Amino acid sequence: MLCDFHLHTDFSGDSQTPAAVQIEKAILLGMPRICITDHHDMDVVSSCDFSLNLPAYFPAMKQLQTQYREKIQIEIGIELGLQNHISGKLMEVSSQYPFDYIIGSCHFIDSLDPYYPEFFQGKTEKQAYRRFFEVTLSRVQNLNCFDSLGHLDYVVRYGPSKNRDYHYSDYQDLIDCILKVLIQKGKALECNTGGFHYGLDHPNPCEEILCRYRELGGELLTIGSDAHSPEYIGFDFERARELLKCCGFSYYTVYHQRKPEFLTL
Ligand SMILES: [Zn+2]
Ligand SMILES: [Zn+2]
């Protein structure tokens, strides 16, 4: 089973699953290694608390690493919410703690989370998606605090018609720029299988973008389920493996102490 490098526990405001439950499920699935990546979105207004209790998180994760070391290798990660105006704080968090791996994700755009319908109000779906990619591009250009860009087309999970009318070609100008910046900066692209269980029938980002990244020379590819509960750990990983191979990837990437390591797909 491929290693799942995007997992949440009850350290995330939107998960009720104790870390040990996630770990036990990963062991059951035969994963040799996982990375726990709980949410930390700073300076956002939301009904859910997305700030991570970092002083408590590290000792808890270290304890689990030791407890399960015979059965599975646990990397300590984080999913940082990217925003340009907090670049200093993001750098501080990423350098202050000894993370193995950092996902950079765009969850809030113009102070709104596309998870809620307000983000789409007053915009056509295309305008909303375009805005999401524009902001993502400016963030990957400006910020360096992460290892892999999480769920690049996350916004299509929540659009009024989801991905029914969504085509990479409509946003190719912006998406290609995002991919080129990642490659040039040595950042990875994440294949997030959450898209499958959100009913998109595609990962985030979609196959066309994953293939385009490879075509442009992208080699650093991470894989994660974005599971907030144990039933979604490793979700559709075999399907992801096949589609990534079709895109031309032979390896995927895991991280330890913020350094990439390559594993066979
Ligand atoms: Zn996310
Ligand atoms: Zn996540």
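Which of the following residues is within 16 Å of ligand 1 (Cβ to nearest atom), more than 16 Å from Leu152 (Cβ to Cβ) and surrounded by 21 or more Cβ atoms within 10 Å (Cβ to Cβ): Ile223, Ile233?
Numbers: Ile223 fails: more than 16 Å from Leu152 (Cβ to Cβ).
Only one candidate qualifies: Ile233.
For Leu182, indicate whether it is closer than 17 Å to Cys247 by Cβ, out of contact with any helix residue (DSSP H, G or I) (no Cβ under 7 Å at 6 or more places or on another chain) and surrounded by 19 or more Cβ atoms within 10 Å (Cβ to Cβ).
Here the answer is no, as Leu182 does not meet what is asked.
Is it true that Leu152 is within 16 Å of ligand 2 (Cβ to nearest atom), under 27 Å from Lys25 (Cα atoms) and either out of contact with any strand residue (DSSP E or B) (no Cβ under 7 Å at 6 or more places or on another chain) or of a type outside the set (Phe, Trp, Tyr) (or both)? Walk me through it before giving the result.
Values: within 16 Å of ligand 2 (Cβ to nearest atom): yes; under 27 Å from Lys25 (Cα atoms): yes; either out of contact with any strand residue (DSSP E or B) (no Cβ under 7 Å at 6 or more places or on another chain) or of a type outside the set (Phe, Trp, Tyr) (or both): yes.
Yes.
Test of understanding: among Ile36, Ile27, which residue is aliphatic (A, V, I, L, M) and within 16 Å of ligand 2 (Cβ to nearest atom)? Write out each step before concluding.
Values: Ile27 fails: within 16 Å of ligand 2 (Cβ to nearest atom).
Just one listed residue meets the conditions, Ile36.
Residues checked against (1) more than 13 Å from ligand 2 (Cβ to nearest atom); (2) surrounded by fewer than 16 Cβ atoms within 10 Å (Cβ to Cβ); (3) more than 22 Å from Gly150 (Cα to Cα); (4) not hydrophobic (A, V, I, L, M, F, W, C):
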| site | (1), (2), (3), (4) |
| --- | --- |
| Asp41 | no, no, no, yes |
| Tyr68 | yes, no, yes, yes |
| Gly81 | no, no, no, yes |
| His85 | yes, yes, no, yes |
| Lys89 | yes, yes, no, yes |
| Phe99 | yes, no, no, no |
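For His167, work out the one condition from (1) surrounded by fewer than 16 Cβ atoms within 10 Å (Cβ to Cβ); (2) within 19 Å of the chain's Cα centre (by Cα) it doesn't fulfil.
All conditions are met except number (2).
Name the pairs: first residue in region 61-86 and farther than 19 Å from Leu2 by Cα, second residue of a type in the set (Asp, Glu) and surrounded by fewer than 16 Cβ atoms within 10 Å (Cβ to Cβ), Cβ to Cβ under 9 Å, at least 6 apart or on different chains?
Gly81/Asp43; Gln83/Asp43; His85/Asp43; Ile86/Asp43
Being more than 16 Å from ligand 1 (Cβ to nearest atom), assigned to a loop (DSSP other than H, G, I, E, B) and of a type outside the set (D, E, K, R): is that true of Pro98 here?
Values: more than 16 Å from ligand 1 (Cβ to nearest atom): yes; assigned to a loop (DSSP other than H, G, I, E, B): yes; of a type outside the set (D, E, K, R): yes.
Yes; evaluated as a whole, the condition is true for this residue.
Return yes or no: is Leu182 in contact with a strand residue (DSSP E or B) (Cβ under 8 Å, 6 or more places away or on another chain), part of a helix (DSSP H, G or I), among the hydrophobic types (A, V, I, L, M, F, W, C) and farther than 17 Å from Val135 by Cα? Write out each step before concluding.
Values: in contact with a strand residue (DSSP E or B) (Cβ under 8 Å, 6 or more places away or on another chain): yes; part of a helix (DSSP H, G or I): yes; among the hydrophobic types (A, V, I, L, M, F, W, C): yes; farther than 17 Å from Val135 by Cα: no.
Judged against the criteria, Leu182 is not a match.
Which condition does Glu118 not pass, out of (1) surrounded by 18 or more Cβ atoms within 10 Å (Cβ to Cβ); (2) in contact with a Leu (Cβ under 6 Å, 6 or more places away or on another chain), if it passes all the others?
Condition not satisfied by Glu118: (1).
Collect the residues in region 187-217 that are part of a loop (DSSP other than H, G, I, E, B) and within 16 Å of the chain's Cα centre (by Cα), keeping them in residue-number order. Walk me through how you get there before you give the answer.
We begin by selecting, within region 187-217, every residue part of a loop (DSSP other than H, G, I, E, B); these are 187, 193, 198-203, 205-206, 216-217.
Passing the criteria: Lys187, Thr193, Tyr198, His202, Pro203, Pro205, Cys206.
Since every read-out is calculated from the coordinates, none of them should be taken as a lab result. What you are looking at is a predicted structure, and each value in this text was computed from that prediction instead of being measured. Ideal geometry is used to build each Cβ from the backbone, glycine not excepted, and the neighbour counts take in all protein chains shown.
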